[in-house]
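Take a look at the structure below.
A short reminder: the numbers here are calculations on the coordinates, not readings from a lab. Model, not experiment: these values are computed from the prediction. Here the Cβ positions follow ideal geometry from the backbone for every residue, glycine too, while neighbour counts run over all protein chains shown.
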């Protein structure tokens, strides 16, 4: 307990309040791109984030430090090697979260899968769309959709949503 208190005090001095403490869940990490609205919502191929190539001294989670300084050591497997049951579980969980939060057009959901239980780490309601760099783009590039059609699809989805709202008003 003393080491936890010391660590929190150290982090508060470095980052200033507030900070969030989360329980570490050891498992496989995935990102899922979601596009669409209402009943036309779909998941892109699931990406597994493989941290096995990180230096031994680093914690094996996809932290800011890893993204900023060790991205070349991260492997992305698209589509992730999953059983059909795991794939269905992850997709249904992410789509349910997306709809529950009333997100629109597109998002990215990050999940840890441990003992066949998906734990949502983060939902990014406006994920990056940098070609060749952003997770959502890598997922789309692993399909016939590709980068350019992903962008056009997101715009089309947003226009349809906007037009539908206009008809209701």
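Nearest 10 degrees is fine. How inclined is helix 84-100 to the longest principal axis of the chain, computing both from alpha carbons?
Once rounded, one gets 80 degrees.
Could you list 105, 50, 156 so that the one with the fewest beta carbons within 10 Å of its beta carbon is first and the one with the most is last?
The order, fewest Cβ neighbours first, is 156, 50, 105.
Evaluate the chain: find the radius of gyration of its Cα atoms, find its Kirkwood radius, and give the ratio Rg to Rh. Write out the running numbers ahead of the final one.
Values: Rg = 18.1 Å, Rh = 17.7 Å.
That ratio equals 1.02.
Compute for the stretch 58-137: radius of gyration divided by Kirkwood radius, i.e. Rg/Rh, restricted to C-alpha atoms, rounded to two decimals.
Working: Rg = 13.7 Å, Rh = 14.2 Å.
Result: Rg/Rh = 0.96.
Working out 0.36 nm times the residue gap between residue 26 and residue 1, then minus their Cα-Cα distance, what length gain in nm do you get to one decimal? Present the calculation step by step, with values, prior to reporting the outcome.
Values: separation 25, 0.36 × 25 = 9.00 nm, distance 2.05 nm.
Additional length available on full extension: 7.0 nm.
For the chain, find the longest principal axis of its Cα atoms and tell me its angle to the long axis of helix 2-15, 0 to 90°, nearest 10.
Orientation of helix 2-15: about 60 degrees from the principal axis.
Run the numbers for residue 75 and residue 61: contour at 0.36 nm per residue of separation, minus the present Cα-Cα distance, in nm.
Numbers: separation 14, 0.36 × 14 = 5.04 nm, distance 1.26 nm.
Here the segment from residue 75 to residue 61 would lengthen by 3.8 nm.
Please order 24, 61, 30 by the number of other Cβ within 10 Å, starting at the fewest.
Working: 24 8, 61 16, 30 23.
With the fewest neighbours first, 24, 61, 30 line up as 24, 61, 30.
Where does each of 94, 41 land when they are ranked from fewest to most other beta-carbon atoms within 10 angstrom?
The most exposed by this proxy come first: 41, 94.
What is the helix-to-structure angle for 146-168, meaning the angle in degrees between its Cα long axis and the longest Cα principal axis of the chain, kept from 0 to 90 and rounded to the nearest 10?
Around 60 degrees separate the two axes.
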